[in-house]
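Reading through the C-alpha cells given below for one structure.
The values are calculated or read from the model by the stated rules, or taken from the named source; none is laboratory data. Quick caveat, the model's predicted, so the values are computed rather than measured. Glycine also receives a Cβ, built like all others from the backbone with ideal geometry; neighbour counts cover every protein chain displayed.
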Amino acid sequence: MDLLSFARGPALWASLAILLAGTVWRLWGIFRLAAKEDFSEPRSTRLIAGAWRAIVGGMIPKDEFRNSTTLATSNAYLYHVGLAVIVFGYLPHVYFIERLTGLSWPPLPAAVAYMAVAVTFVSLLIALMYRLTDPVLRLISSFDDYFSWFIVFLPLATGMAAINPPFPSGAAPQTPLAPVPVALHLLSVELLLIWLPFGKLAHSFLVFISRGMTGAECARKGART
Amino acid sequence: MSDLDQQHPLELDAPRFRVRKPQLRVDKQGALDDAARVTAALGGFVRDFSRATAAHMEACVHCGQCAQACHFYVTTRDPKYTPIWKLEPFKQAYSRQAGPFAWLFRTLNLKPEVTIEELEEWQELIYDSCTMCGRCTMICPMGIDIAGLVGLARHGMFQAGLVPHELWAVAERAKREGSPLGATAKVLKERIEWLADDHDVEIPLDRPHADVIVTLSSIEIMKYPQSIVAMAKVLNHAKASWTLRSEGYEATNFGMLSGNAEWQRESSMKMIQAAIACGAKTLVLPECGHAYGALRWQGANMYGKPLPFRVLHISEFLAENIRNGSIRLKQLGTSLTFHDPCQISRRGGATQAPREIIAALGAELREMPSTGDLNWCCGGGGGVVTIHRADDLRYRAFEIKMRQVEDTGAETLATSCANCRQTFDDGQAHFHWDKKMASLLELVADNLAV
Ligand code: SF4
Ligand code: SF4
C-alpha cells in the first residue's frame, strides 16, 4: 500500500474512529454527572432560549470590553473564519468531503481560498506571537495550547505544499498529480482529528455546552449573558 | 469568649468590621498533616460537582480574556490575578483525578500532583483576590462560571483548613453565635428597643403571624442601625403585616463565603424555619448582596425543595410596592449614580429594581460607563473586605470605582448592599475621598410621601 492509499484508507478511518470515540468519552465525562436540581423559584423558564442567546450572543464581544479585547478577538475571528473558508470552500476539499459523505456544494473561487490561506497563516502566527509574548497568556498556557496550535498549523503548512502543481479543474482525478505532498497533508489532518477531542480543540463542541449552560442559568435568574 | 475571639478580637470601632491583623502570611486551621490537606482540598472541591461545573472545568481555551474583566488584574497587571489562573491547582487536580482522561494524565504524568505549597500559595488567589463578582464570565468566550468554581474551590480550602484567618474567624463566630459580628438575638432585641424609642417607629419582633418576614445584615445591625429604622418605616408606610423573628434574622452567610457548606445550610435554614413559623408569604432580604445569592438562589436547594414563600431583596420589595401604589415617594430632585452590588445585579438578575426606585424618586440617574450587569465590583465582596492582608489590593481595585463615580459628576452615590457600603466607607477614609455612599433603602425611607 502506498502512502496515499494509507492516508486515504486505514489512517483516515482510524482517525475518524478516534475522533468519535474521544468526543463521546469527553462528553461522557460531563454528562455522567447529574444536572443539579434547582429548587429556587425561576424568574424565567425560557432556559433553552437563554442557552441559545448565550451561544449566539457569545460570538459578539460586548461593548464594555471592546477596548481591551478587540485585537485578540479580531485575530481569533480571522483564523476561525479563514479555516472554515479553506475547509469548506476550497475545491479539492469539497471533492474530498463529497467522496467521504456524498454531500457536495459549489466551491468558492480558488482565489478566495488562497486568500483565506494567506490570512489564516498570518493570523495563526500572530496568535502564537501573542501567546509567547503576552504575560497573561504565557503564564496560563500549557503544553496543550502550543501543541494544539502546532496541530492546526501543520495541515495549513502541508496543504500549502500540496497546492503545486495546480489541481486540474473540472473533475476530481483519482490520483493527484503530487501524491506524496497530498498524502502528508491528509496525514496531518488526521493527526488533528485524533488530537481534537483530547485537548483544547474540543472547544469546537464544548463551546455549545459551556456557553449554553451559563446562558440557561442566567435566563433562570433573569440576568444578562 | 472562645480562644479564637482572644486571638483575633473583632475591631468594632474600625472603619469596617474585621479582626486584628494576624501575623501569619499563610493561614491554617486544624491539625491535618500536609498530605491530608491536599486530599481534603480536592475532595471538597469535587464533592459538589455537577454537570455544569464539569463542563466549565473542561471548556477553557486559555485565551486570557478573563484577565481584562477582573478588577484585581486590571489594576495591578499582575498575571497571577487572571481569573482562570486562580483555579490552576484545582484544574490540575481535576485533570489528574476526576476528569474523563484522568487515567491518561496520571499514567503519562501529564499534570504533576498538586502540592501543599501550591495550595498555600493559592490561598491568596482563591480568597484575597476574588470577590466572586462573576464579571469574568461576561467576557469569557466559553461562558465559564469562574466565580462558581472559586466557590467550590473554597469548599476544598475550608476542608483543608486553608482559609484566611479573619474570614474563618468571622464564619466560625457566625456559626457559634448566630451572627458574624456579635449581633446576637439579645443584642438585636436591645437595638430594636432603643431604635424604636429614639425614632418613634414601630419595629415588630417575634410576632406569631405576619405576611412578611424581614431579615437583616449584621453589618446593618452593628454599623448602620439607621437601616433598620428605614426598613421599619417603609414597611409600616406600605401597611405591611410584618415582623422580625429572633430565631432567624441574620441574612449574611459567612459559611458560604468561607467555604463551609454545612454552616451555609445552617444559616439559611434558620431564616427558612423562621419564615415558616410565622406563616410568611414573603421573606425580605436586607441590603446585602451575598445574602441574596445565598437565599434567593441557593436557599431552596439548602431546604431540598421549593420554599413555601417568596424571597425578595429589599430593592425588589420596594419596586413592587412602588409599582402597586403602596409606597408613594417625594421627589428627590438630585442627580444620582448607582453602584450595582454584583450578587444582586449580575449574579442575581434584580438589576432593574433599583432603577425603578430611582426613577420613582425623581432622581436623575447618571449611569457609570460599565454598569448594571457589567458593573465593576467595589472590591470588597466575597468576604475580601474582612481580609487584612488584601487591603492594598482591594484599595487598588476600588480606584476604578472612585474614578467611575467621579466621572458621572452625580451629587448622590447610592447602593443597596451594606457590604459594598462599608467597602466604600473604608475606601473613602483611605483615600480621603469626599463622596459618601448612601443606602437606597434609606433614601426611600427619608422621602416617603405622607
Ligand atoms: S469573579 Fe470577579 S474577582 Fe473573581 S476572578 Fe472573576 S472578575 Fe475577578
Ligand atoms: S476567558 Fe474563559 S476561556 Fe479564556 S482563559 Fe479565561 S476562562 Fe479560559
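Quick look at the values:
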quantity	calculated
Filter result for B:Gly143 (closer than 18 Å to B:Glu262 by Cα and within 16 Å of ligand 1 (Cβ to nearest atom))	no
Residue match in segment B:346-357 (condition: closer than 28 Å to B:Thr408 by Cα, more than 11 Å from chain A (Cβ to nearest Cβ) and touching a strand residue (DSSP E or B) at 6+ places or on another chain (Cβ under 6 Å))	yes
Condition broken by B:Ala414, with the remaining ones in (1) within 15 Å of ligand 1 (Cβ to nearest atom); (2) in contact with a Phe, Trp or Tyr (Cβ under 7 Å, 6 or more places away or on another chain) satisfied	(1)
Test: residue in segment B:18-26 that is in the same structural domain as B:Leu152 (by TED's automatic domain parsing), modelled with pLDDT of 90 or more and more than 21 Å from the chain's Cα centre (by Cα)	no
Residue count, segment B:42-76 (criterion: among the charged types (D, E, K, R) and either within 16 Å of ligand 2 (Cβ to nearest atom) or within 18 Å of B:Ser370 (Cβ to Cβ) (or both))	1
Single match in B:Ala275, B:Ala280, B:Ala240 (criterion: assigned to a helix (DSSP H, G or I) and either on the phi > 0 side of the Ramachandran plot or modelled with pLDDT of 95 or more (or both))	B:Ala275
Within segment B:104-132, tally of residues that are polar (S, T, N, Q) and closer than 27 Å to A:Gly199 by Cα	3
Helices (runs of 4 or more DSSP H) completely within segment B:133-184 that count 1 or more residues being polar (S, T, N, Q)	B:135-139, B:146-159
Failed item in (1) closer than 21 Å to B:Thr184 by Cα; (2) surrounded by 21 or more Cβ atoms within 10 Å (Cβ to Cβ); (3) in contact (Cβ under 8 Å) with a residue 40 or more places away in the chain, with B:Arg207 passing the rest	(2)
Residues of segment A:21-37 that turn out to be within 7 Å of chain B (Cβ to nearest Cβ), under 22 Å from the mean Cα position of the chain (by Cα) and of a type in the set (A, V, I, L, M), as a count	1
Residues of segment A:66-80 satisfying the condition of being touching a residue at least 12 places away in the same chain (Cβ under 8 Å) and within 11 Å of A:Ala127 (Cβ to Cβ)	A:Ala72, A:Asn75, A:Ala76, A:Leu78, A:Tyr79
Residues of segment B:53-79 classified as of a type in the set (D, E, K, R) and either within 7 Å of chain A (Cβ to nearest Cβ) or near ligand 1 (Cβ under 10 Å from one of its atoms) (or both), total	1
Only one of B:Glu220, B:Glu202 that is under 27 Å from B:Phe309 (Cα atoms) and part of a loop (DSSP other than H, G, I, E, B)	B:Glu202
Among the candidates B:Leu374, B:Leu440, residue that is under 27 Å from B:Leu295 (Cα atoms), in the same structural domain as B:Leu332 (by TED's automatic domain parsing) and buried (at least 24 other Cβ atoms within 10 Å of the Cβ)	B:Leu440
All positions within segment B:123-137 that are crowded, with 23+ Cβ neighbours inside 10 Å and within 16 Å of ligand 2 (Cβ to nearest atom)	B:Ile126, B:Ser129, B:Cys130, B:Met132, B:Cys133, B:Gly134, B:Arg135, B:Cys136, B:Thr137
